[in-house]
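Any read-out appearing in this document is the output of simple, stated calculations on the displayed coordinates, not a laboratory observation. Predicted model, so just to flag it, every value in this text is computed and none were measured.
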Amino acid sequence: QVLSDVFNAPVYTIDTTNSACLGSAYRAIHGLVAETNVSLADVVKLAPEPRLAVTPTAGAEELYRPLLKRYAELEQKVIYNPTSSC
């Protein structure tokens, strides 16, 4: 629920072990066949069907939007000046 609220997006899951690894594998396959103009949609067409797990909580966007902006600012500060303290 937290991911859905923070990013104001629905979260889907699939019934498989190591789904993150599976997603990485599909991206790797897509990279290998990129020169053949095969779309990512074609690569994953045999993947398990995703299931909607959660949707954003009403009003959460107003809470998290300023925090995401601040996080991005801090991240840029660290990337461009890693020796400074935040």
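Amide H contacts for Val54 (H built 1.01 Å from N in the peptide plane; partners 5 or more residues away or on another chain; cut-off under 5 Å): Val11. The value of relative contact order for the stretch 9-66, using C-alpha pairs under 8 Å at least six residues apart, is 57 percent. Here the sum of -39500 (n - 2.57) over DSSP H runs of 4 or more residues, divided by the residues of the chain, equals -16000 deg cm²/dmol at 222 nm, to the nearest 500. I'd like the orientation of helix 60-80 relative to the chain: the angle between its Cα long axis and the longest Cα principal axis, in ° from 0 to 90, rounded to 10. Approximately 90 degrees, to the nearest ten. In degrees from 0 to 90, rounded to the nearest 10, what is the angle of the helix 19-32 Cα long axis to the longest principal axis of the chain? For helix 19-32, the angle is close to 70 degrees. Translational diffusion coefficient of the chain (Stokes-Einstein, Kirkwood radius from Cα pairs, 10 °C, 1.306 mPa s): 99 µm²/s.
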